Amino acid sequence: TKFVYSFTEGKKEMVGLLGGKGSNLAEMTRLGLPVPRGFTISTEACLAYLEEGTLQSELISEIEQQLLELEVVSQKKFDDTVNPLLVSVRSGAKFSMPGMMDTVLNLGMNDVTVETIAVKTANAAFAYDCYRRFIQMFSDVVQGLNKNIFEDELTLYKNKNNYQSDVHMQAEDWKRLTTRYKEIYEAQMGEAFPQDPRAQLSATIEAVFKSWENPRAVTYRRMNNIPHDLGTAVTVQEMVFGNTGMESGTGVAFTRNPATGKAGLFGEFLINAQGEDVVAGIRTPQDISQLAELMPETYAQFLSLAEMLEKHYRDMQDIEFTIEDGQLFMLQTRNGKRTARAAIEIAIAMVDEGVITKEEALNRLTPQMMDQLLHPTFVETELKENKAIIQGLPASPGSASGKVYFTAEDAKRANEAGEKTILLRKETSPEDIEGMAVSEAVVTSHGGMTSHAAVVARGMGSCCVVGCEQLIIDEKQKIARVKDSIIEEGTVISVDGTTGKIYLGHIEKDNPTDESSALGKIISWCKEVATIRVKANAETATEITAAFQFGAEGMGLVRTEHMFFGENRIVEMRKMILSPDSKEKRTALESLKAFQKEDFKTIFRLAKEQHATIRLLDPPLHEFIPTGNEVSKMAAILHISIAEIQQRIASLEENNPMLGHRGCRLAITNPEIYEMQVAAIMEAAIEVTEELGGSVVIEPEIMIPLVSLEAEIVFLKERLLNVIKAVFTEKGKEIPYQIGTMLETPRACLTAGRIGKHVDFISFGTNDLTQLTYGFSRDDIGKFVGDYEREKIIESDPFQHLDEEGVGELVTYAIDRAKAATDKPLSIGICGEVGGDPASIAFLIDKGVHYVSCSPYRVPAAWLTIAQLSL
Ligand code: ADP
Ligand code: MG
Ligand code: MG
């Protein structure tokens with residue numbers, strides 16, 4: 001097999017073999033863009049190396065051959081005393097893993113070539129700057145020496161000489177520093193810094209291969225579901241230099257704004273700088289628009305190449321470039337990471353521009369993005385009361401409050417102890433990835449919008465503010481200063497990733513409202529292709545309004561328990577439960593009915609032709625009884641003694657209330673409660689139908705919970721039908737309605753063939769069904785589910801992801817039996833927590849459910865999941 005490919009031999013489709021970076025460098029070369037020459041060692045070579053533990057001789061000779069070719073075309077040579085060749089060694093896997101694998105620049109530098117380059121360029125400062133960078137990168141990437149050793153040495157040198165910044169470093173200074181660096185290397189490694197470029201090269205290639213298995217890379221892959229058996233490619237490329245002087249520079253740019261999606265170049269650059277300087281956040285870079293003023297021709301060329309790349313790849317590009325003495329070089333392009341908001345804006349813009357189809361647009365989004373878009377923001381009025389203490393760059397939107405930690409490990413530890421954390425650092429690096437992942441927000445004092453912190457946070461969809469220059473951080477002392485405030489470890493701050501402002505203390509968050517028509521547009525595209533529908537679990541006017549705003553097609557679960565709470569209602573409810581006087585009980589029931597009827601009218605007015613599935617009272621009565629000093633108050637209202645009321649309360653107590661006298665069981669003992677609710681529902685439906693002038697006929701769906709037996713349904717249905725008949729007679733008007741049941745006990749699923757005969761719809765209550773199938777208490781599973789997952793006894797929490805093997809089997813069985821039991825069309829839905837879970841939805845579609853119902857904020861993600869599965 002061939003292991004090494006020149007840029008002229010590859011193309012973008014070879015991404016699996018050459019990695020993202022290598023295949024795109026080849027593609028840009030193929031398109032005729034100015035790309036420094038080079039070659040890529042394939043991912044297969046990496047896998048072979050990881051298996052064997054050494055570079056095989058075939059590979060070594062292929063590399064040698066490519067190297068010779070590169071020497072010929074570049075007219076430069078390793079170790080040459082006239083025209084020395086310097087290269088970069090770059091890693092690149094199939095999926096972009098920002099900052100995971102390291103790059104070595106200026107390879108080929110040694111004591112001789114540095115002098116040659118110094119003479120040749122008449123720029124000794126430049127030559128020694130390159131050499132010291134190489135020593136540092138080689139030591140870090142290949143030998144694992146902490147780069148801080150070298151950074152500290154540079155700082156020490158500048159301090160001793162009273163230099164404010166690197167600009168003051170002269171040739172002699174860099175030269176002396178380089179000598180120090182070599183001494184440090186020798187002291188640490190017990191051998192001199194390697195002088196042979198070929199030895200430098202093979203050591204670096206091996207190090208890049210090995211870095212595929214470093215813990216940071218493994219963590220990143222785990223977090224992003226990237227397979228571990230892909231390997232990384234290694235690209236070897238002739239160096240171009242952004243650090244030769246004021247006509248040179250290096251930068252990173254996106255073809256559209258990665259935070260908002262707005263069209264137009266967005267990026268940063270640094271004059272007289274090399275490689276990682278921009279991303280590492282060592283100096284704060286300039287906005288790309290300023291390049292237009294400094295180097296108008298180069299800027300124009302870059303702009304047109306950027307536009308061309310976006311058209312070619314049909315997606316927003318993230319481009320790295322370097323300018324050497326006014327000449328532009330393209331060093332990388334890839335589809336840019338973006339926030340959820342930007343992803344949606346860009347997808348829509350590209351459909352409008354005719355670049356991609358609606359289907360492609362939907363496939364470029366993820367359910368997580370839909371969720372992210374609905375992230376909460378700080379309450380406006382609260383924000384006004386707080387004065388921001390810091391203003392940084394808004395790198396990734398969202399808002400977060402939490403306790404400050406200065407290292408990733410501390411943040412991780414605090415998070416494990418249950419704290420909400422904010423990671424505060426000078427700049428972040430790949431070692432910080434886990435601390436970043438668990439933190440509510442990341443804040444850095446250095447760096448720009450394309451710094452490591454910014455890129456990683458946007459990818460994770462978490463809140464991030466960078467470049468807070470006013471913030472003086474002392475990571476060792478675990479303290480930061482801003483003007484006259486001091487932030488210590490544990491101080492609570494609030495971070496606004498949308499404005500870049502940071503506040504002391506905790507700030508309340510608002511529920512996000514959807515003002516973006518973009519979300520609405522995406523949802524409407526989803527609806528066009530979706531094969532099943534999405535409803536919402538919602539009961540209050542606010543929830544229902546939100547649900548419709550997010551595209552719900554009706555309510556799959558309207559819980560009614562809340563209608564019994566509230567100041568006046570609870571008293572009536574308690575009268576009904578506890579009064580010894582049957583007349584008083586009846587009056588109480590009448591007033592409850594009046595309250596509920598109003599509630600149902602509100603629901604029907606909002607829902608109109610969309611159906612609302614109303615679940616009759618589910619919890620045990622015990623949940624409504626008075627406690628504490630409410631007990632004596634209630635006794636007074638009922639004119640009974642405290643002893644008497646306490647006795648009645650005690651009689652309602654149960655050892656296992658969730659397995660107890662609740663749902664339809666309660667209604668069989670006390671049919672009057674469901675009769676009251678059904679009368680209220682039907683009267684409300686008729687009255688709202690009349691209100692709407694007959695333009696819409698309300699068709700209520702009445703759902704009976706916790707059924708296990710056919711006979712329960714038969715018993716209750718007969719009574720409810722009588723109530724409905726009575727309402728029709730009294731009102732002199734009939735409307736359509738449906739009566740159905742929740743399937744949420746294993747027995748109900750097993751006897752769905754019998755139950756199905758009596759109902760118009762079934763809806764799986766997967767929360768109770770999971771609880772009863774496992775015998776796991778929903779409220780207590782937290783105590784052990786972590787251990788179960790760690791020990792791989794279960795793959796995931798079955799209350800979050802449907803347990804396909806067990807609960808899923810019951811669902812499948814019940815659907816088949818219920819359908820076979822009736823000739824009428826039977827509507828089948830899901831209203832448990834898993835109704836909003838993308839993985840579970842895939843399974844449920846397959847089993848033939850007609851809709852899922854989930855909380856309002858999960859509706860958009862559910863639509864997208866369904867649309868993608870339907871395409
Ligand atoms: P990463 O995957 O971390 O982005 P890269 O391989 O892209 O690492 O290298 C980082 C930076 O190093 C690039 O953005 C570029 O500025 C610089 N660089 C890499 N190769 C070269 C080269 N041949 N000439 C000049 N600069 C280079
Ligand atoms: Mg890097
Ligand atoms: Mg790069």
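The values are calculated or read from the model by the stated rules, or taken from the named source; none is laboratory data. None of these values were measured; they are calculated from a predicted model. Don't worry about glycine lacking a Cβ; one is built from the backbone with ideal geometry, like all the others, and counts go over all protein chains shown.
Of the residues that make up the range 107-121, is at least one within 16 Å of ligand 3 (Cβ to nearest atom) and among the charged types (D, E, K, R)? Looking for residues that are within 16 Å of ligand 3 (Cβ to nearest atom) and among the charged types (D, E, K, R), one finds none in the range 107-121, hence no.
Would you be able to say whether some residue in the range 336-351 is closer than 27 Å to residue 452 by Cα, within 15 Å of ligand 1 (Cβ to nearest atom) and in contact (Cβ under 8 Å) with a residue 40 or more places away in the chain? Within the range 336-351 (the criterion being closer than 27 Å to residue 452 by Cα, within 15 Å of ligand 1 (Cβ to nearest atom) and in contact (Cβ under 8 Å) with a residue 40 or more places away in the chain), the answer is yes, since at least one residue qualifies. If you check 170, 188, 136 for being within 16 Å of ligand 1 (Cβ to nearest atom) and without any contact (Cβ under 8 Å) to a residue 60 or more places away in the chain, only one passes: 136. Could you pull out the residue among 25, 33 that is in the same structural domain as residue 91 (by TED's automatic domain parsing), aliphatic (A, V, I, L, M), in contact (Cβ under 8 Å) with a residue 60 or more places away in the chain and not in a loop (DSSP other than H, G, I, E, B)? Going through 25, 33 in turn, the sole match is 25. For the range 693-700, the count of residues that are assigned to a helix (DSSP H, G or I) and small (Gly, Ala, Ser) is zero.
Residue 1 meets all of the listed conditions (1) at pLDDT 95 or above; (2) assigned to a loop (DSSP other than H, G, I, E, B) but one, namely (1). For the range 260-310, taking the residues that are of a type in the set (Phe, Trp, Tyr) and assigned to a helix (DSSP H, G or I), the one that is nearest to ligand 1 (Cβ to nearest atom) is identified as 302. The number of residues in the range 36-59 that are assigned to a loop (DSSP other than H, G, I, E, B) and either within 14 Å of ligand 1 (Cβ to nearest atom) or farther than 23 Å from residue 71 by Cα (or both) comes to 4.
Could you tell me whether the range 291-298 includes any residue that is β-branched (Val, Ile, Thr), touching a residue at least 24 places away in the same chain (Cβ under 8 Å) and within 16 Å of ligand 2 (Cβ to nearest atom)? The answer is no, given that none of the residues of the range 291-298 is β-branched (Val, Ile, Thr), touching a residue at least 24 places away in the same chain (Cβ under 8 Å) and within 16 Å of ligand 2 (Cβ to nearest atom). The residues of the range 446-493 that are within 16 Å of ligand 1 (Cβ to nearest atom) and surrounded by fewer than 23 Cβ atoms within 10 Å (Cβ to Cβ) amount to a single one, 459.
Residues in the range 250-290 that are within 16 Å of ligand 2 (Cβ to nearest atom) and without any contact (Cβ under 8 Å) to a residue 60 or more places away in the chain were compared, and the one that is farthest from residue 497 (Cα to Cα) is 273. Only one entry of 57, 23, 91 meets the criterion of being surrounded by fewer than 20 Cβ atoms within 10 Å (Cβ to Cβ) and either of a type in the set (Ser, Thr, Tyr) or in contact with a Leu (Cβ under 9 Å, 6 or more places away or on another chain) (or both), and that entry is 57. Put simply, of 327, 301, 290 the only residue that is closer than 23 Å to residue 452 by Cα and either modelled with pLDDT under 95 or not aromatic (Phe, Trp, Tyr) (or both) is 290. When residue 247 is tested against (1) touching a residue at least 60 places away in the same chain (Cβ under 8 Å); (2) surrounded by 17 or more Cβ atoms within 10 Å (Cβ to Cβ); (3) within 16 Å of ligand 1 (Cβ to nearest atom), exactly one condition is not met: (2). Once the range 315-332 is narrowed to residues that are assigned to a strand (DSSP E or B) and more than 16 Å from ligand 2 (Cβ to nearest atom), the residue that is surrounded by the most Cβ atoms within 10 Å (Cβ to Cβ) is 323. Among residues of the range 107-161 being aliphatic (A, V, I, L, M) and not in a helix (DSSP H, G or I), the one that is farthest from residue 201 (Cα to Cα) is 122. Residue check: is residue 348 outside the structural domain of residue 477 (by TED's automatic domain parsing) and assigned to a loop (DSSP other than H, G, I, E, B)? Spelling it out, it is not the case that residue 348 is outside the structural domain of residue 477 (by TED's automatic domain parsing) and assigned to a loop (DSSP other than H, G, I, E, B).
So, of the residues in the range 344-354 that are crowded, with 17+ Cβ neighbours inside 10 Å and within 23 Å of residue 27 (Cβ to Cβ), which turns out to be nearest to ligand 3 (Cβ to nearest atom)? Among residues in the range 344-354 that are crowded, with 17+ Cβ neighbours inside 10 Å and within 23 Å of residue 27 (Cβ to Cβ), the one nearest to ligand 3 (Cβ to nearest atom) is 346. Would you confirm whether or not the range 196-209 contains a residue that is assigned to a loop (DSSP other than H, G, I, E, B) and either in contact (Cβ under 8 Å) with a residue 60 or more places away in the chain or not assigned by TED's automatic domain parsing to the domain that holds residue 87 (or both)? Scanning the range 196-209, I find at least one residue that is assigned to a loop (DSSP other than H, G, I, E, B) and either in contact (Cβ under 8 Å) with a residue 60 or more places away in the chain or not assigned by TED's automatic domain parsing to the domain that holds residue 87 (or both), so the answer is yes.
Pick from the range 311-327 the residues that are within 12 Å of ligand 1 (Cβ to nearest atom) and in contact with a helix residue (DSSP H, G or I) (Cβ under 7 Å, 6 or more places away or on another chain): which of them is farthest from residue 29 (Cα to Cα)? Out of the qualifying residues, it is 323. For the condition surrounded by fewer than 20 Cβ atoms within 10 Å (Cβ to Cβ), of a type in the set (Phe, Trp, Tyr) and within 16 Å of ligand 1 (Cβ to nearest atom), residue 7 does not qualify.
Residue-by-condition table, conditions (1) at pLDDT 95 or above; (2) within 16 Å of ligand 2 (Cβ to nearest atom):
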position: 12; (1), (2): yes, no
position: 22; (1), (2): yes, yes
position: 43; (1), (2): yes, no
position: 49; (1), (2): yes, no
position: 76; (1), (2): yes, no
position: 93; (1), (2): no, yes
position: 97; (1), (2): no, yes
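Restricting attention to the range 797-838, the residues being surrounded by fewer than 19 Cβ atoms within 10 Å (Cβ to Cβ) and charged (D, E, K, R) number 8.
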